[in-house]
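Peer 1: First the structure, which I've put down as structure tokens, then a few questions once you've had a look.
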Amino acid sequence: TQMLAGIPLSRLTDFATCEAARYAAARPRTKAALDGAEPAWLDGVPMHWMRDWPMPFPLLVAQAKGARLTDLDGHKLDDFCLGDTGSMFGHSTAPVARAIRAQAGNGLTYMLPTETALRAGEALSATFGDFRWQIATTATDANRFALRVARAVTGRPKVLVFNGCYHGTVQDAMVMRQDGQTAPRPGLVGQVSDLTRLAACAEFNDLASVETLLQTGEIAAVLTEPVMTNSCMVLPQPGFHDGLRDLCTRYGALLIIDETHTISSGYGGYTRTYGLNPDIFVVGKCVAGGMPTAVWGLRPDLAERYAAYNATRPAGHSGMGTTLSANPMQFACLLATLTEVMTPAAYAHMEDGAARLAAGLSAAITRHNAPWHVVRVGARVEFICAPGPLLNGIEAAQAHIHPVESAVHTGLLNRGCLIAPFHNMMLVSPATSRAQIDRLIRAFTSVLSELFA
Ligand code: PMP
């Protein structure tokens, strides 16, 4: 019999069919609302990737609070997706909701800073370290602007990224590694420029592949997550980050650490928790509690180099900006999150819960003899439908088994648990209770017992 991730294909197909039907049957109101709406959105959804969730039709959210969503049909769901990190500290936390209410009647965008902005800057340095900060609206933009500065001060053209990475819709990073060479990724809509002139792709955990590319002298910056989180999760091997830092210094490239997902690692992100030393630090998504906000910061010595560059730059557009960024609502939410939400105590709760979740999922995998494994980075837990640990993007790509993941996701949803759609990721927030974690472990165990009976 044909097997997929250790499951007989026929059993997987039966399970998937049954779970899809169960999802649909439980959501008559949602279905009617979707069917009754004018075809106003392209493909029926406001963001095209909302079609990429595995369910037969999208979920419509009616309410969200803490770590719970209620859908239009009244199903209460334990939310372990948490907006794929945007709501990692829970939906509408009290301090952020308060900050929004306080700012709501006082203007939403001015193109001028506030006193709160000054305090938010200080809170950023207190939380993440000594950087000179700028704000953006999305982590995508923060990465793009960081890359501009890196190219400006080094005068070099390329960014080095790792095979299997994702840093938002940053065009330059959309490359892969094929037979040891950098290649453009297939599937990019309307991509007409040659990305291999802007980027070079190395393999995570492979310092030799990094050094070979740095030796060309073309690399302005290495852009990486501390842990690869956007394929199946790949942890850095001991010494990898130290080696990366040394190589960047030796070859005059800047090190940009994108903490947008690894902010789950602990207070101050992976950088503070594990003592990394980036030249540029980037974080977005949850940093202002879900209010569209990202920040990027330069080390003081790099800020000086950038100032020297700026002194000689001809007048004209910088290529960094966006009008609605740096607005007072962002700063109010950023300050509230940094000082009242993203606290060491909150992380302690998240860490405990995530450890419990990872242990429960691992136990279920062992009990069912599934050739799967579990990885955890602080509050972030992932089950991977292949043996592990994974070493790099090649292995991560092979471990991503779409039909199995879709079926499991829908099965979990039918058992009251929502996990992140494009990988098997679960986040534990400060609002997530032990009962919710145990319910997810039971749901996962129940799904495995059907798949591996
Ligand atoms: N960096 C990383 C590591 C990400 O995973 C993502 C999005 N998943 C981004 C940046 C981009 O974030 P956004 O979509 O909010 O711009």
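The values are calculated or read from the model by the stated rules, or taken from the named source; none is laboratory data. Please read these numbers as outputs of a predicted model, since none were measured by experiment. Every residue, glycine as well, gets a Cβ built from its backbone with ideal geometry; the counts of neighbours run over all protein chains shown.
Peer 1: Which one is nearest to THR137 (Cα to Cα) among residues in the stretch 334-353 that are aliphatic (A, V, I, L, M) and in contact with a helix residue (DSSP H, G or I) (Cβ under 8 Å, 6 or more places away or on another chain)?
Peer 2: LEU334
Peer 1: In the stretch 1-90, which strands (runs of 3 or more DSSP E) lie fully inside it and hold 1 or more residues that are buried (at least 20 other Cβ atoms within 10 Å of the Cβ)?
Peer 2: Ranges flagged: 68-71, 76-79.
Peer 1: How many of the residues making up the stretch 154-169 are of a type outside the set (Gly, Ala, Ser), away from the ligand (no atom under 16 Å from the Cβ) and surrounded by fewer than 21 Cβ atoms within 10 Å (Cβ to Cβ)?
Peer 2: 3
Peer 1: Go through the stretch 285-304 and report how many residues are within 14 Å of the ligand (Cβ to nearest atom) and assigned to a helix (DSSP H, G or I).
Peer 2: Count: 4.
Peer 1: Can you pull out every residue in the stretch 6-22 that is touching a residue at least 40 places away in the same chain (Cβ under 8 Å) and of a type in the set (D, E, K, R)?
Peer 2: Within the stretch 6-22, ARG11, GLU19, ARG22 qualify.
Peer 1: Which of the residues spanning the stretch 1-37 are of a type in the set (Ser, Thr, Tyr) and modelled with pLDDT under 95?
Peer 2: THR1
Peer 1: If you scan the stretch 82-118, which residues turn out to be within 16 Å of the ligand (Cβ to nearest atom) and acidic (Asp, Glu)?
Peer 2: Correct list: ASP84 only.
Peer 1: Take ARG380 and tell me if it is within 22 Å of GLY66 (Cβ to Cβ), outside the structural domain of LEU108 (by TED's automatic domain parsing) and within 16 Å of the ligand (Cβ to nearest atom).
Peer 2: So ARG380 fits the description; yes.
Peer 1: Something else now. Quick check: anything in the stretch 168-189 over 19 Å from ALA397 (Cβ atoms) and without any contact (Cβ under 8 Å) to a residue 24 or more places away in the chain?
Peer 2: Among the residues of the stretch 168-189, at least one is over 19 Å from ALA397 (Cβ atoms) and without any contact (Cβ under 8 Å) to a residue 24 or more places away in the chain, which makes the answer yes.
Peer 1: Please find, among ASP79, ASP172, ASP141, the residue that is farther than 18 Å from VAL295 by Cβ, within 16 Å of the ligand (Cβ to nearest atom), within 23 Å of the chain's Cα centre (by Cα) and among the acidic types (Asp, Glu).
Peer 2: Just a single option satisfies the conditions, and that option is ASP172.
Peer 1: Scan the stretch 100-108 and give yes if some residue there is modelled with pLDDT of 95 or more, surrounded by 19 or more Cβ atoms within 10 Å (Cβ to Cβ), over 24 Å from VAL381 (Cα atoms) and out of contact with any Gly (no Cβ under 8 Å at 6 or more places or on another chain), otherwise no.
Peer 2: Checked against the condition, which is being modelled with pLDDT of 95 or more, surrounded by 19 or more Cβ atoms within 10 Å (Cβ to Cβ), over 24 Å from VAL381 (Cα atoms) and out of contact with any Gly (no Cβ under 8 Å at 6 or more places or on another chain), the stretch 100-108 yields at least one hit.
Peer 1: Next question, about the same structure. I'd like to check something: does the stretch 335-343 contain any residue that is within 16 Å of the ligand (Cβ to nearest atom) and part of a loop (DSSP other than H, G, I, E, B)?
Peer 2: No, the stretch 335-343 contains no residue that is within 16 Å of the ligand (Cβ to nearest atom) and part of a loop (DSSP other than H, G, I, E, B).
Peer 1: In addition: Among the residues of the stretch 409-430, which ones are within 24 Å of VAL227 (Cα to Cα) and modelled with pLDDT of 95 or more?
Peer 2: HIS409, LEU418, ILE419, ALA420, ASN424, MET425, MET426, LEU427, VAL428, SER429, PRO430
Peer 1: Turning to a different aspect of this structure: Among strands (runs of 3 or more DSSP E) lying entirely in the stretch 174-261, which contain 1 or more residues that are among the acidic types (Asp, Glu)?
Peer 2: So the answer is 254-258.
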